[in-house]
Each structure stands twice: as structure tokens, then as C-alpha cells.
Amino acid sequence: MKKKTIAKAKKYTIWILNFSILGLVVTSLFPLISVPENDAVKEDLHFDFEMMKKSDNYEIYSLVDNINTINLLFWAIIILGLISFFCITYLTFLTRWYLSLLTIISTAIIIFSVLLVIFENNFMRAVANNDFISLSLVYNTITYVHIIFLFIILLLICSIFYNLNIVLDLGKHIFGSISKKQLLKKSNNLQEDSLLKSKIDEPITEPPIGINKKIEMERLQKQEIQKIDVKAEVDSYSEAKEEIKPVETTSEEKKYVDNEIATSEKKNQPGPFGHVKREEKPIELVRPRVSQSFEDALSSAIEKKQGEIGKKEQKKPTSQETIKDSDAILKEDTSEPNQIDEVEKQIEEPQTEREFIPTEIIVKCPQCTHIFTIKKEETEKIKCPKCGKEGIAQ
Amino acid sequence: MRNDEYELDDDSLTTEKKDERKKEKILDDTFKKAKFLKEKKTINKRIVKSIKTVNRPFSKSGILLIIVAIIMLVFVEYSPWMYINQETDKSSTIHLVYRDFNQEEEINQTVLDLFQSPCNNCSNNSQNYIGLTFDDFTSSPKIITNGIIILMILGIVFTVFLIIDKFHRFLDEIVFALHSLFSIAAIIISLVILMSSIKFIGTYFLIYHNWSFIEISGIKNANIVFLTPIILALLALAIIRGAIITFKINFREMENKFTIDKTEEPYSTYRYGIKFR
């Protein structure tokens, strides 16, 4: 049940309780009927419920049954309202069958409210049919019974709203679960279909048509992200550390670069002591195979550092530039720009994207500061083994 | 040329060394970063989480219920149920009617006529004009006393339960559930007390409407106050109101306990705006 629905249900239950208590009190409090007296005092004698019960007149006494039933119905609604309040307070949080129970209770309240209206109407009709008895007047044509009737109507309206609130939520639950099941079935069928499977592997921009687009889009996005995750997992730095040795040890690469630089410098030299003019040609290197991820990480790191160093060394000419350029060319050859960006993102923002999922959580008791471990599933009911303090993990 | 070549070689050697150092530095930084990240993961494991506790229900509600019940009992036993100030031309007489009031008591006949059939001339529609009989002064106090005793027992049981709970901690849900059950019982009993005292209060409406009939029976310029029923009704209403408030408090506590905010979901991960777990 939604939080909003629970709050509404609580509100309506309180109103139902208030109106039913008021109705019950008012029924016993107000005078209900009046009988004309033509003896010593020629006025109407007013009767309340207690007086009616003690009346010697059978016609008056016969009306008591109606009022008794009304009182009983009010009591029933009060008890049902209290039970429903109890259910809202506990069952909504603890159990799953609360919705059906609340639906039954709210329906019962509606039925009792309708019965109240019927019995009140019967009482009014019985009084109206009797020439001898009339309803006690408050002012002009307004009688005390009308006030009770108003409370009953308000009670009925509240109970209808209460019932609607719960029934709508129940309907959403039922239909929501049905649609979910249908979608699951459809997605299973899709997975079996090889043609559609290939479509799923396609980019996210073209989702398959037919089933709920949102769910399918999310699924595909998840697949894409999972692929990136797998790559990121492969990128473990421990592997990189192991693989760094061949990079450091290979002298072929350095020699090759040096030779290339030397030849290019010799070619560009105009005279014996003239300024060296270098042509920026891409140097193709035969590098030993290192893991792609490590290369990416290394190149990104070097790129960053070189950016800083480059600014400082811009003034310095000659051979340093050549080495820098060779590195840059190396970088251009070996790594793809997109992958570098992705790896950089992963390095820069690892906490936001990667979250550790622990199987055990270490918890500290606020009472005795005893630190102990609990399982992942036990976060909702934690009990301190030392002092017995209970609570849940924040 | 040779000198130049030698110079160049020296330069290249120094720059090589410098570059190597820089590269080593960069590598060291990256490894440090990687190590730090790895360590951070393990640190995440060891984050000490505080336990979210729930406030227990109002522990003094049982004692409060007992106190209210005792006050009620005192009023039922020792306070006058009806106060009549009968004013005549010469003097005014005050009559105080307590519980178990009957015909044998030495009270003015006109006052007694309020509760029995005075209408010798009327059409026998009713035995009295205010809807009360002598029986009401015996039956209602009995019902109310029984209700008060039950309320006291409820209060005692709940207080004992809370004392036991202090030593042997029960589950929050059990405590809240029992507290609400006690509240339900208190509401129902209070309603019974209220309904028993309401018929006395309802007499005011009948006195207002049937005053001409009452006057003929002999009571003139009389002020009638049903003191104890009014106080009992007010106290009963207070108990009902208090019980509903405790219900609301319990509901709020349960809501706080069992609803977790989305930001606090411990094992959900979001990547590129999509929820994974």
C-alpha cells in the first residue's frame, strides 16, 4: 500500500470513529419524539430514548426497537473502525493480507452505514405515519432526528471514500501484478526468439517494438552498462601491476624511438650548427602486447601529467619535444579515444558508479557501543548480543 | 660534428632519465590511486552503522489511566449525582442526590416526583418528565464503577507489562500492538461510561422542553445540575481522545520504523540513471 493511501485510510477511519461516536451520543442525548398532551398542560411532551423505553404507551415503545438497532449499528461501526485503525497501524507494515482485510472491514462499515440510513429513515417514516406522534423540533422544520441523520450521512460518505481508497489500491495491486506477469511471460518468449535476441543486442536507440517500451529500454540499457562493468572488472589494477614488467624491461621500443628521432634529426639538419627542423611524422611502433585496460589507464595518466609538464616545457626546444611527440604518437596509435574517456571516468568517479555490496555489515550498538557483525538480510531486525537493544540499520 | 653528436647524446641521456622519472612518477601515482581505491572498498566494508531505534509507546499512559480511573471512582462514590437548588418565595433549599438514591430518602416530595409518575391527570404517556427513574441512580453507578475497575485493571496490566519490558525487551511490534489493544479496550469502556452518563446529561434537553410539565408537579425556579455525570462524561471523552492520540503516535512510530527512504536503500546501485539492484 502506498504511503498516501495509508495516510488517507487513517484520516477516514478517524472521521468514521468521530461521526459514529457523535451519532451514538446524540441519539441518546437529544429528544427524538414529541406527543401532544391535552390535560393539565396543553403542550407537546418530548421524549428522549430513555424516556421512550420507560413509556407506557405502546405506540411510543414500539419505536424503541428502531433506535436500539441504530445504536447497535453505531456500536458495530465504532468497533469496526477501531479494528480497521489497528489494522492500518500494524498490518500495513507487517503483513501482506492487510488490503483484503481492510477491504472487508470498509465494506462492512459501508453496509452498516447504509443500514443506519435505512433504519433512521424507517424511524422517521414510522413517526410520520403516526398522527399521534411527531418528531421533536429544534427550530422551524428542523428536528433533532435530522441532526442524527446528518451525522449518519457524513458517516456514510466517509465510509464510501474509505472503501474507495482501499479498493482502488487493491485494484492497482491486482492489475499491476497481472500486467507484470504478462510482461515477464512476454520477455521470456522474447529471450527464446533468436531474432529478437539479436535485436536486443543492438544499440539502445532502437528498442524492439511491441512490448512495453520503457521496460525494454531499461533492460537494454542495463545490458549495455553490464558490458561496461565487465570491462571495468577486467581492468583490475593488480593485473596491470603484473603486466608492467614487460613494458619496463623492453629496450626495443626505446631504441627504436631513439633511432627514429636521431634519423629524423639528421635528415632535418640544415648545417653543422644550425637549428634542428623536425618533420612531425607519425612513427609506427611495434609494441609488445599489454592488456588494453592497463594501456588505457596508463595513457590517460600520462596524458594528464604530460599536459602539466608540457606547459612548463613549452619553452624548451630540441630533443625533449621529440620524445614528447613520440609519446603522443604512441598514445594515438595504441588507444582509442572513447575507451580512454570511459576508463578516465571510471578512475575519476569510481565511488559513484561502483558500489560495494557487502554480505556482512558491522554494526555498532548505540546503547553499549558493542560492535558486532550481522548478515545482509538481517538489517531490519538487529538485536545487540550484549545488551539486547533492538533496532534496524540506518 | 662529433662534439655536437656527443652533446646531443648527453642531452638525450638526461632527458631520457628525466622522462623515465616522470613516467615512474606517473605510474606511481596511478598505482597509488588504484591502491587507494582498493583500500577504500575495504574501508566501505568496515563502515560502522548506527542502529535506528524506535521510541517506545508512552510508558506512563498506564499510570495516567489508573489516575483517571481513581478520580472517576472518587466522583462516583463521593460526589453528588444531582444538585437541586429549589427556590421558593421565602427561601431556597438545596438537595444533593448521591448514588443509590431511592424513594426512602428524606428529600422533598417535589424532588422525588421528578423520578416517579406524578401525572395523575395526564394521559399516561410517560411515568416522568425528565427520563430518569430511581433505578438509574443505582444501575448507572454500578455500570460506571465496573467500567472504572476494568480501566484500572487495564492500566495496572499495561504498567506491569512495560516494567517487564524494561528488563526483558519485547519486540517493538508486540509492544505497539499491545498498547493499541489496550487503547481499544479503554475506548470501548470509556464509551460505555459515557453512554451511562449521557442519559443524565440528556435530561437537560427534556427539562428545557418539558419545563411546563415539571412546574405543574411542584418544582418552581429550580436549578438542576448533574455534577458527577458531567465530570464522568468529560473524563471518558478525555480517555477516548487520549487513546486515539496514542493510536496516532503508534502509527507514526511504526511508519518511521518500517518505511525506509529511497536514499537510504543500502544495496541499490544506480548507473547512468538506471537502477540496478
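Looking at the stretch B:27-35, is at least one residue at pLDDT below 80 and exposed (fewer than 13 other Cβ atoms within 10 Å of the Cβ)?
yes
For the stretch B:204-222, which positions are modelled with pLDDT of 80 or more, surrounded by 17 or more Cβ atoms within 10 Å (Cβ to Cβ) and of a type in the set (S, T, N, Q)?
B:210
Take residue B:89 and tell me if it is within 14 Å of another protein chain (Cβ to nearest Cβ) and either farther than 30 Å from residue A:361 by Cβ or modelled with pLDDT of 80 or more (or both). Spell out the reasoning first.
Numbers: within 14 Å of another protein chain (Cβ to nearest Cβ): no; either farther than 30 Å from residue A:361 by Cβ or modelled with pLDDT of 80 or more (or both): yes.
Considered against the rule, which asks whether it is within 14 Å of another protein chain (Cβ to nearest Cβ) and either farther than 30 Å from residue A:361 by Cβ or modelled with pLDDT of 80 or more (or both), residue B:89 comes out as no.
Any idea which of (1) more than 7 Å from every other protein chain (Cβ to nearest Cβ); (2) without any contact (Cβ under 8 Å) to a residue 60 or more places away in the chain is the one residue B:165 doesn't satisfy?
(2) is the only condition that residue B:165 fails.
Looking at this structure, is residue A:97 at pLDDT below 85 and either more than 9 Å from chain B (Cβ to nearest Cβ) or within 30 Å of residue A:127 (Cα to Cα) (or both)? Let's see the steps before the verdict.
Details: at pLDDT below 85: yes; either more than 9 Å from chain B (Cβ to nearest Cβ) or within 30 Å of residue A:127 (Cα to Cα) (or both): yes.
So residue A:97 fits the description; yes.
Regarding the stretch A:2-13, can at least one residue be identified that is part of a loop (DSSP other than H, G, I, E, B), surrounded by fewer than 16 Cβ atoms within 10 Å (Cβ to Cβ), more than 8 Å from every other protein chain (Cβ to nearest Cβ) and within 48 Å of the chain's Cα centre (by Cα)? Please lay out each step first, then the result.
Let us first name the residues in the stretch A:2-13 that are part of a loop (DSSP other than H, G, I, E, B), namely A:2.
With surrounded by fewer than 16 Cβ atoms within 10 Å (Cβ to Cβ) added as a condition, the list becomes A:2.
Subsequent filtering for residues that are more than 8 Å from every other protein chain (Cβ to nearest Cβ) retains A:2.
From the residues that got through so far, the ones that are within 48 Å of the chain's Cα centre (by Cα) too are A:2.
The answer is yes, given that some residue of the stretch A:2-13 is part of a loop (DSSP other than H, G, I, E, B), surrounded by fewer than 16 Cβ atoms within 10 Å (Cβ to Cβ), more than 8 Å from every other protein chain (Cβ to nearest Cβ) and within 48 Å of the chain's Cα centre (by Cα).
Give the number of residues within the stretch A:34-59 that are over 60 Å from the mean Cα position of the chain (by Cα), under 14 Å from residue B:127 (Cα atoms) and at the interface with chain B (Cβ under 7 Å from one of its Cβ atoms).
7
Output the residues belonging to the stretch A:350-362 that are within 7 Å of another protein chain (Cβ to nearest Cβ) and either at pLDDT 80 or above or not in a strand (DSSP E or B) (or both).
If we filter the stretch A:350-362 for residues that are within 7 Å of another protein chain (Cβ to nearest Cβ), which is where we start, we get A:350, A:353, A:355-358, A:361-362.
A:350, A:353, A:355, A:356, A:357, A:358 - these are the residues of the stretch A:350-362 that are within 7 Å of another protein chain (Cβ to nearest Cβ) and either at pLDDT 80 or above or not in a strand (DSSP E or B) (or both).
Are any residues in the stretch A:140-152 within 30 Å of residue A:5 (Cα to Cα) and out of contact with any helix residue (DSSP H, G or I) (no Cβ under 8 Å at 6 or more places or on another chain), and if so, which ones?
From the stretch A:140-152, those within 30 Å of residue A:5 (Cα to Cα) are A:148-152; that's our starting set.
Correct list: A:150 only.
Among the candidates A:77, A:109, A:152, A:105, single out the residue that is in contact with an Asp or Glu (Cβ under 8 Å, 6 or more places away or on another chain) and within 24 Å of residue A:16 (Cα to Cα). First the steps, then the outcome.
Numbers: A:77 fails: in contact with an Asp or Glu (Cβ under 8 Å, 6 or more places away or on another chain); A:109 fails: in contact with an Asp or Glu (Cβ under 8 Å, 6 or more places away or on another chain); A:105 fails: in contact with an Asp or Glu (Cβ under 8 Å, 6 or more places away or on another chain).
Within the list A:77, A:109, A:152, A:105, the selection yields A:152.
How about the stretch B:145-169: which of its residues are more than 30 Å from residue A:22 (Cα to Cα) and crowded, with 16+ Cβ neighbours inside 10 Å?
Scanning the stretch B:145-169 gives B:159, B:161, B:162, B:165, B:169.
Restricting to the stretch A:125-135, name every residue that is surrounded by 18 or more Cβ atoms within 10 Å (Cβ to Cβ) and either assigned to a helix (DSSP H, G or I) or of a type in the set (Lys, Arg) (or both).
Of all residues in the stretch A:125-135, those surrounded by 18 or more Cβ atoms within 10 Å (Cβ to Cβ) come to A:127, A:133, A:135.
Of everything in the stretch A:125-135, just one residue is surrounded by 18 or more Cβ atoms within 10 Å (Cβ to Cβ) and either assigned to a helix (DSSP H, G or I) or of a type in the set (Lys, Arg) (or both), namely A:127.
Anything in the stretch A:372-388 that is modelled with pLDDT of 75 or more and outside any strand (DSSP E or B)? List them, or say none. Write out each step before concluding.
Step one: list which residues in the stretch A:372-388 are modelled with pLDDT of 75 or more, which gives A:372-375, A:382-388.
Of everything in the stretch A:372-388, those that are modelled with pLDDT of 75 or more and outside any strand (DSSP E or B) turn out to be A:384, A:385, A:386, A:387, A:388.
Between A:155, A:168, A:137, which is modelled with pLDDT of 75 or more and in contact with a helix residue (DSSP H, G or I) (Cβ under 7 Å, 6 or more places away or on another chain)? If you could, list the steps in order and put the result at the bottom.
Details: A:168 fails: in contact with a helix residue (DSSP H, G or I) (Cβ under 7 Å, 6 or more places away or on another chain); A:137 fails: in contact with a helix residue (DSSP H, G or I) (Cβ under 7 Å, 6 or more places away or on another chain).
After ruling out the rest, the residue left standing is A:155.
Which one is farthest from residue B:221 (Cα to Cα) among residues in the stretch B:76-105 that are among the hydroxyl-bearing types (Ser, Thr, Tyr) and touching a strand residue (DSSP E or B) at 6+ places or on another chain (Cβ under 8 Å)?
We begin by selecting, within the stretch B:76-105, every residue among the hydroxyl-bearing types (Ser, Thr, Tyr); these are B:78-79, B:83, B:88, B:91-93, B:98.
Remaining after also requiring touching a strand residue (DSSP E or B) at 6+ places or on another chain (Cβ under 8 Å): B:83, B:92-93.
Values: B:83: 14, B:92: 9, B:93: 11 Å.
Selected residue: B:83.
Any idea which of B:96, B:73, B:65, B:114 is in the same structural domain as residue B:251 (by TED's automatic domain parsing), assigned to a strand (DSSP E or B), of a type in the set (A, V, I, L, M) and at pLDDT 65 or above? Full working, then the answer.
Values: B:73 fails: assigned to a strand (DSSP E or B); B:65 fails: assigned to a strand (DSSP E or B); B:114 fails: assigned to a strand (DSSP E or B).
Result of the check over B:96, B:73, B:65, B:114: B:96.
Is it fair to say residue B:51 is in a loop (DSSP other than H, G, I, E, B), out of contact with any helix residue (DSSP H, G or I) (no Cβ under 7 Å at 6 or more places or on another chain) and at pLDDT below 75?
Details: in a loop (DSSP other than H, G, I, E, B): no; out of contact with any helix residue (DSSP H, G or I) (no Cβ under 7 Å at 6 or more places or on another chain): yes; at pLDDT below 75: yes.
Against the criterion (in a loop (DSSP other than H, G, I, E, B), out of contact with any helix residue (DSSP H, G or I) (no Cβ under 7 Å at 6 or more places or on another chain) and at pLDDT below 75), residue B:51 does not qualify.
The values are calculated or read from the model by the stated rules, or taken from the named source; none is laboratory data. As the structure is a prediction and not an experimental result, all values here were calculated from the model. Please note: Cβ atoms are built from the backbone with ideal geometry, for glycine as well, and neighbour counts cover all protein chains shown.
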